[in-house]
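Each remark here refers to the structure printed beneath this line.
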Amino acid sequence: MPIPNRTILLISGKDRVSFLTGLVTNDPKPGALVYSALLTPQGKYLADFFLLMRGEDILLDIHSDLAGAIAARLSMYKLRADVEIAETDMPVSRGRSIPAPDGALADPRHEELGWRLYGAALPEEDVDWDGLRVAHIIPETGIELVPNESYILEMGLERLNGVDHRKGCYVGQEVTARMKHKTELRKGLALVKIDHATPAGTEITADGKPVGTVLTQSGNHAIAYLRFDRAKPEMQAGAAHLTYQTS
C-alpha cells in the first residue's frame, strides 16, 4: 500500500526551478529529496512537502488535505512564469528496509525515517511511524503543523533540514530570519513523558497556569508544544501527569 493521504503535484515548465526558489524555504536540488515549506508573507506555516527534481519536472509530495489549496496558491504566484502545476495519482511508498529499493531516496528529515519511493506502490512495512516521530520530535501536517498558525522554527524544521538560511529570498523569510537571530525561542516542540492516553489538543498546565498542548502521543511519550519559560519538570494535561527534562 502507498502512503495514505499523500498527493504529488507535478511542477513543469522552463521556469519551474526559479519559480519555486523564490517561494519556498529550501530549494530543489538535483539527485536529492528535499524537505521544504511554503509560508505566508507574515512567516506562518502554510504547508510542508518534499521536492524531487525528476527529468524536466519537479515532484511536490504534500499531504492530500493541503494539495488543492497549495496548488491554487502556487498558481496565484505564477504570474507570467512558464510554469504548469498539475495534480497526479502517482503513489508514494516508504520504508526502513535495508537495502532500500532501487530508486528510493533517503527521507531528508531524519535517518530513522528511512526512505521514500515515487511511482511504486510497495507493501506497507510494519513500522511504528508515530513512535518514530515522537521519539525524534518530528512534526506532522495537521497535528503539530497547523496552517496559518505554526512557525516553522518553533516546529523544528531547521533541525529537520527544512529551511536554508543561506538561500535567497522566499515568502516569509524576513520573519523567519528575525526568529532565527533571536537569542532563544520562547515556544516550541518538546518530548515529554506522559502516564495516561490523552487526546491531542489537551491543554498542559503547570502550577495552574497554561503551558502548552499535548500533540502526538506514542506509549508513555508525547510531542508537546510548550512555552519554555513556563514549563516545569512536573506538569498536568487533563488527568495525565507529565514529566519534562528542562534545560
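Which one is least open to solvent (accessible area, probe 1.4 Å), of the residues in the range 215-231 that are assigned to a loop (DSSP other than H, G, I, E, B) and over 17 Å from Ala197 (Cα atoms)?
Pass one, the range 215-231, residues assigned to a loop (DSSP other than H, G, I, E, B): 219-220, 228-231.
Pick out the ones that are also over 17 Å from Ala197 (Cα atoms) and you get 228-231.
Details: Phe228: 71, Asp229: 95, Arg230: 80, Ala231: 14 Å².
Across the range 215-231, the extreme among qualifying residues is Ala231.
Just give me the residues in the range 177-198 being part of a strand (DSSP E or B) and open to solvent by 90 Å² or more (accessible area, probe 1.4 Å), in sequence order.
Initial filter on the range 177-198 (part of a strand (DSSP E or B)): 187-194.
Once the filter is applied, which keeps residues that are part of a strand (DSSP E or B) and open to solvent by 90 Å² or more (accessible area, probe 1.4 Å), the range 177-198 yields only Lys193.
Yes/no per residue for (1) among the β-branched types (Val, Ile, Thr); (2) loosely packed, with under 14 Cβ neighbours inside 10 Å; (3) closer than 26 Å to Pro41 by Cα; (4) in contact with a Gly (Cβ under 7 Å, 6 or more places away or on another chain):
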| site | (1), (2), (3), (4) |
| --- | --- |
| Gly95 | no, no, no, yes |
| Pro99 | no, yes, no, no |
| Asp102 | no, yes, no, no |
| Glu112 | no, yes, no, no |
| Arg116 | no, no, no, no |
| Gly119 | no, no, no, no |
| Arg159 | no, no, yes, no |
| Gly162 | no, no, yes, no |
| Val171 | yes, no, yes, no |
Give the residue that is farthest from the chain's Cα centre (by Cα), with candidates limited to residues of the range 155-173 that are touching a residue at least 60 places away in the same chain (Cβ under 8 Å) and farther than 23 Å from Arg73 by Cα.
Asn161
For the range 23-54, which positions are open to solvent by 40 Å² or more (accessible area, probe 1.4 Å) and not polar (S, T, N, Q)?
Lys29, Pro30, Gly31, Pro41, Lys44, Met53, Arg54
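Scan the range 195-206 and tell me whether some residue there is in contact (Cβ under 8 Å) with a residue 60 or more places away in the chain and touching a strand residue (DSSP E or B) at 6+ places or on another chain (Cβ under 9 Å).
Step one: of the range 195-206, the residues in contact (Cβ under 8 Å) with a residue 60 or more places away in the chain are none.
No, because not a single residue in the range 195-206 is in contact (Cβ under 8 Å) with a residue 60 or more places away in the chain and touching a strand residue (DSSP E or B) at 6+ places or on another chain (Cβ under 9 Å).
So which of Gly119, Gly114, Gly43 is under 16 Å from the mean Cα position of the chain (by Cα) and under 20 Å from Pro2 (Cα atoms)?
Values: Gly119 fails: under 16 Å from the mean Cα position of the chain (by Cα); Gly43 fails: under 20 Å from Pro2 (Cα atoms).
The match here is Gly114.
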When Lys180 is run through (1) under 21 Å from His63 (Cα atoms); (2) without any contact (Cβ under 8 Å) to a residue 40 or more places away in the chain, the failure sits at (1)
Which one is nearest to Ile70 (Cα to Cα), of the residues in the range 2-19 that are surrounded by fewer than 20 Cβ atoms within 10 Å (Cβ to Cβ) and within 22 Å of the chain's Cα centre (by Cα)?
Leu10
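Would you tally the residues in the range 187-205 being of a type in the set (A, V, I, L, M) and under 13 Å from Glu144 (Cα atoms)?
Step one: list which residues in the range 187-205 are of a type in the set (A, V, I, L, M), which gives 189-192, 194, 197, 200, 204.
From the residues that got through so far, the ones that are under 13 Å from Glu144 (Cα atoms) too are 189-191, 200.
The total comes to 4.
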When Gly212 is run through (1) without any contact (Cβ under 8 Å) to a residue 60 or more places away in the chain; (2) closer than 24 Å to Pro108 by Cα; (3) surrounded by 14 or more Cβ atoms within 10 Å (Cβ to Cβ), the failure sits at (2)
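Which of the residues that make up the range 232-247 are part of a strand (DSSP E or B) and open to solvent by 10 Å² or more (accessible area, probe 1.4 Å)? Give the derivation first.
Pass one, the range 232-247, residues part of a strand (DSSP E or B): 234-237, 240-243.
Of everything in the range 232-247, those that are part of a strand (DSSP E or B) and open to solvent by 10 Å² or more (accessible area, probe 1.4 Å) turn out to be Glu234, Gln236, His241, Thr243.
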Restricted to the range 75-93 and to residues being free of Cβ contacts under 8 Å to residues at least 60 places away in the same chain and hydrophobic (A, V, I, L, M, F, W, C), the residue most open to solvent (accessible area, probe 1.4 Å) is Leu79
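Tally the residues that are among the aromatic types (Phe, Trp, Tyr) and either open to solvent by 50 Å² or more (accessible area, probe 1.4 Å) or not in a helix (DSSP H, G or I) (or both), restricting the search to the range 121-144. It would help to see each step written out before you state the result.
Taking the range 121-144 as the starting set, the residues that turn out to be among the aromatic types (Phe, Trp, Tyr) are 129.
Applying the additional criterion that residues be either open to solvent by 50 Å² or more (accessible area, probe 1.4 Å) or not in a helix (DSSP H, G or I) (or both) yields none.
Selection size over the range 121-144: 0.
The values are calculated or read from the model by the stated rules, or taken from the named source; none is laboratory data. Treat the numbers as computed from the prediction; the structure is a model and nothing was measured. Quick reminder, even Gly has a Cβ in these numbers, built from the backbone with ideal geometry, and neighbours come from all protein chains shown. Accessible surface is based on the protein model in full, side chains and every heavy atom, while ligands, DNA and RNA are left aside. Shrake-Rupley method; radii C 1.70, N 1.55, O 1.52, S 1.80 Å.
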